[in-house]
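Participant: Quick one: this structure, given as structure tokens, is what I'll be asking you about.
The values are calculated or read from the model by the stated rules, or taken from the named source; none is laboratory data. From a predicted model like this one, the values you see are computed outputs, not experimental measurements. As a convention, Cβ positions derive from the backbone with ideal geometry for all residues, glycine included, and neighbour counts pool all protein chains shown.
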Amino acid sequence: MTTTPRPYRDLHDHLDALREAGLLVTVDRRIDKDSELHPLVRWQFVGGIDEKDRKAFLFTNIVDGLGRKYDIPVVVGAIAANREIYSIGMRAPVADIQAKWDNAIAHPIKPRVVEKAACHDVIHEGRDLVGEGNGLDRLPIPVSTPGFDSAPTLTATNVVTRDPATGVQNMGTYRCALKAPDRLVVRMATRVGGAGGYQHYLAHKKRGDKEMPCAIVLGCPPAVAFMGPQKLPAGVDEIDVAGGLVGAPIDIVKARTVDLMVPAESEVVIEGFIDTEYVEPEAPFGESHGHVALEEFNMPMRITAITRRAKPVIPSYISQVAPSESSVIKRVAYEPLFLAHLRDGLGVKGVKRVALHEPLTGLLRVTTIVCERGMPRTEIWRALYGAAFFKGDCGKICIAVNDDIDPDNADALLWALAYRSNPVHDVRTVDSRGQGHGPKREHGGEEDSTLLMDATMKSDMPPLALPKKPYMENTKKIWEELGLPALRPQSPWFGYSLGDWSPAWDKAAENAATGHYLENGRISLQRQRKGLVPETKFRPDE
Ligand SMILES: Cc1cc2nc3c(=O)[nH]c(=O)nc-3n(C[C@H](O)[C@H](O)[C@H](O)COP(=O)(O)O)c2cc1C
């Protein structure tokens with residue numbers, strides 16, 4: 001691994017760490033970035049491969065649809081093909097990611113300004129960028145959804161803009177469609193709670209500025225890359241929180257042609273000005289809500305400089321239908337925010353976890369709140385309302401469950417709804433919700449609504465009817481000894497008490513499982529009674 005005086009890893013160090021962990025596949029075969037690169041990596045999200053077995057893919061031999069060769073490699077999945085890859089970027093075990101985020105947001109560290117930066121090793125600016133093959137088209141930018149997308153599109157971006165009033169910078173991950181060697185179109189969400197960069201655009205427009213300075217950063221140190229998709233309050237400079245994540249200032253450098261500061265260890269920086277007067281058609285593009293975003297007017301940007309490292313690697317996020325790299329990055333970042341909001345912000349007692357449902361729904365529509373057993377009903381409803389309205393575009397359907405339910409198992413969720421809720425008492429709908437990020441837009445004022453469901457146990461229930469854990473564990477060994485097909489245990493895979501049970505029944509079950517059922521027969525004989533209807537309940541402990 002590269003030794004570095006920096007107290008944090010850049011993208012190259014991170015790729016070395018992934019390689020060492022066996023999480024990086026290097027593809028040296030020729031790959032067409034326009035029609036093959038993303039579909040190839042897509043297979044690991046739609047090919048029945050477990051999340052833990054997903055990898056980052058580094059492509060070293062890239063051509064485009066015209067057969068032109070590129071000498072810059074592209075990496076897909078390097079930031080978040082799965083949680084393990086994300087945790088290597090975070091330099092923390094998966095279980096500690098929540099605490100890392102909480103600490104970084106509570107203790108941001110201001111960046112350090114440097115004069116010389118790796119991202120300025122190679123500089124193309126001014127007239128250098130004019131003409132085919134001289135500007136953006138020097139970069140191997142893939143087409144994400146061949147067959148639907150209308151342009152190679154930058155996806156793994158940290159788009160830097162500055163609030164003209166306060167001078168505070170924002171960094172957001174926004175897609176940018178290539179249009180010409182020196183022009184691209186940026187899409188910033190205009191909805192309430194949408195892109196921070198769009199608020200800067202509005203501020204520039206209000207001041208009468210015809211352009212907004214912008215720097216699109218590709219390939220940052222992972223701690224900085226994580227900041228692009230993270231939703232932090234407006235006015236918080238994400239670079240400070242990135243410092244909080246690594247426990248040291250992040251090095252930043254002044255961009256060449258715009259008055260903005262960019263991470264010094266970036267792989268590539270695309271500088272320029274976003275037009276605040278004219279808009280230009282952009283998309284179709286396969287979106288993270290799982291449908292294709294149709295063509296719409298977005299913000300053209302004229303490019304004034306492209307700076308890069310001597311040997312850069314360009315990252316590209318695989319997004320579209322979840323699960324994807326995009327949904328993993330957002331999930332790992334957003335779930336801690338939801339939990340902190342309910343637990344610390346609203347002070348709801350007993351919430352153990354908030355899970356944003358990922359496959360197909362893409363985190364936006366279904367939120368599960370895992371609650372301690374016995375949590376008061378009023379607290380459960382506070383959690384449900386709190387989660388539904390924390391972020392405008394998440395939580396259309398919110399379900400509260402107990403902590404024996406795996407929120408990632410849709411069968412278990414249906415099971416909880418089926419056996420633990422009474423729709424008349426435990427289901428509420430709430431009017432007036434924006435459409436949020438999705439195939440339907442609220443431009444026509446169209447509204448959606450919210451469904452809240454309490455699927456927690458309202459009282460004790462009999463145990464789950466599977467053999468107790470030790471019996472399942474013992475026979476798993478026998479199963480493996482017999483060389484039978486590999487098991488993939490799915491929760492619940494053993495029986496456990498749900499409160500309605502008695503020590504006498506434990507004893508009877510132990511007798512039965514050790515061949516002593518006749519002992520149980522002797523006990524029940526003594527308890528024979530007259531005059532009762534069959535199916536009358538009997539409690540041995542009463
Ligand atoms: C792969 C990927 C692509 C994204 N594309 C866009 C986009 O094109 N426009 C947008 O406004 N948000 C997009 N997002 C979501 C934003 O990055 C996210 O809302 C983030 O919080 C924005 O940062 P900001 O709040 O500082 O603006 C994307 C996220 C990911 C992970």
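Participant: Return the total of residues in segment 180-206 being within 11 Å of the ligand (Cβ to nearest atom), surrounded by fewer than 17 Cβ atoms within 10 Å (Cβ to Cβ) and within 13 Å of residue 279 (Cβ to Cβ).
Facilitator: Number satisfying all stated conditions: 1.
So that you can scan it fast, the table gives a plain yes or no per residue for (1) at positive phi; (2) modelled with pLDDT of 95 or more; (3) β-branched (Val, Ile, Thr):
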| residue | (1), (2), (3) |
| --- | --- |
| 230 | no, no, no |
| 234 | no, no, no |
| 247 | yes, yes, no |
| 259 | no, yes, no |
| 262 | no, yes, yes |
| 270 | no, yes, yes |
| 289 | no, no, no |
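Participant: Now for a separate question. Taking the stated definitions as given, is residue 25 closer than 20 Å to residue 319 by Cα and without any contact (Cβ under 8 Å) to a residue 40 or more places away in the chain?
Facilitator: So residue 25 passes the test.
Participant: Under the condition of being under 20 Å from the mean Cα position of the chain (by Cα) and within 12 Å of the ligand (Cβ to nearest atom), which residue from segment 213-226 is farthest from residue 307 (Cα to Cα)?
Facilitator: The extreme case among them is 226.
Participant: Of all residues being outside any helix (DSSP H, G or I) and of a type in the set (Ser, Thr, Tyr) in segment 359-402, which is farthest from residue 347 (Cα to Cα)? Just the residue, please.
Facilitator: 361
Participant: Hey, does segment 119-132 have a residue that's within 16 Å of the ligand (Cβ to nearest atom), at pLDDT 95 or above and in the same structural domain as residue 259 (by TED's automatic domain parsing)?
Facilitator: no
Participant: I've got another one for you. Taking the condition in contact with a helix residue (DSSP H, G or I) (Cβ under 7 Å, 6 or more places away or on another chain) and either closer than 15 Å to residue 456 by Cβ or buried (at least 19 other Cβ atoms within 10 Å of the Cβ) (or both), does residue 366 pass?
Facilitator: no
Participant: So which residues in segment 227-236 are of a type outside the set (S, T, N, Q) and near the ligand (Cβ under 10 Å from one of its atoms)?
Facilitator: 227, 228, 229, 231, 232, 233, 234, 236
Participant: Between a residue in segment 213-233 that is within 12 Å of residue 90 (Cα to Cα) and any residue that is aromatic (Phe, Trp, Tyr) and at pLDDT 95 or above, which pairs come within a Cβ distance under 9 Å, given they are 6 or more apart or on different chains?
Facilitator: 221/8; 222/8; 222/86; 223/8; 224/8; 226/86
Participant: Within segment 254-261, can one find any residue that is farther than 19 Å from residue 159 by Cβ and either surrounded by 24 or more Cβ atoms within 10 Å (Cβ to Cβ) or touching a Pro at 6+ places or on another chain (Cβ under 7 Å) (or both)?
Facilitator: no
Participant: I've got another one for you. Residue under question is residue 116, and the condition is that it be of a type outside the set (A, V, I, L, M, F, W, C) and assigned to a loop (DSSP other than H, G, I, E, B); does it hold?
Facilitator: Answer is yes for this residue.
Participant: Answer yes or no as to whether residue 137 is within 13 Å of the ligand (Cβ to nearest atom) and touching a residue at least 24 places away in the same chain (Cβ under 8 Å).
Facilitator: Answer is no for this residue.
Participant: For segment 54-85, which residues satisfy the criterion of being within 19 Å of residue 154 (Cα to Cα), of a type in the set (D, E, K, R) and outside any loop (DSSP other than H, G, I, E, B)?
Facilitator: 69
Participant: Would you call residue 249 surrounded by fewer than 24 Cβ atoms within 10 Å (Cβ to Cβ) and in contact with a strand residue (DSSP E or B) (Cβ under 9 Å, 6 or more places away or on another chain)?
Facilitator: Yes.
Participant: For the condition surrounded by 18 or more Cβ atoms within 10 Å (Cβ to Cβ) and either among the small types (Gly, Ala, Ser) or in the same structural domain as residue 127 (by TED's automatic domain parsing) (or both), what is the one hit in 323, 233, 300?
Facilitator: 300
Participant: List pairs: first residue in segment 259-281 and part of a loop (DSSP other than H, G, I, E, B), second residue crowded, with 24+ Cβ neighbours inside 10 Å and at pLDDT below 95 anywhere in the structure, Cβ distance under 6 angstrom, at least six positions apart or on different chains.
Facilitator: If the second residue must be crowded, with 24+ Cβ neighbours inside 10 Å and at pLDDT below 95, no pairs are left.
Participant: Related question: Being among the charged types (D, E, K, R), surrounded by fewer than 24 Cβ atoms within 10 Å (Cβ to Cβ) and outside the structural domain of residue 386 (by TED's automatic domain parsing) narrows it down to one residue among 353, 309; which is it? Let's see the steps before the verdict.
Facilitator: Working: 353 fails: outside the structural domain of residue 386 (by TED's automatic domain parsing).
Every option except 309 fails the conditions.
Participant: Between residues in segment 303-318 that are within 13 Å of residue 71 (Cα to Cα) and residues that are at pLDDT below 95 and among the aliphatic types (A, V, I, L, M), which pairs lie under 9 Å by C-beta distance while being six or more apart or on different chains?
Facilitator: none
Participant: List the number of the failed condition for residue 361; all other conditions in (1) closer than 29 Å to residue 46 by Cβ; (2) away from the ligand (no atom under 15 Å from the Cβ); (3) out of contact with any strand residue (DSSP E or B) (no Cβ under 9 Å at 6 or more places or on another chain) hold.
Facilitator: (3)
Participant: Here is a follow-up. Within segment 338-347, identify whether any single residue is under 25 Å from residue 440 (Cβ atoms), within 16 Å of the ligand (Cβ to nearest atom), modelled with pLDDT of 95 or more and in a helix (DSSP H, G or I), and answer yes or no.
Facilitator: yes
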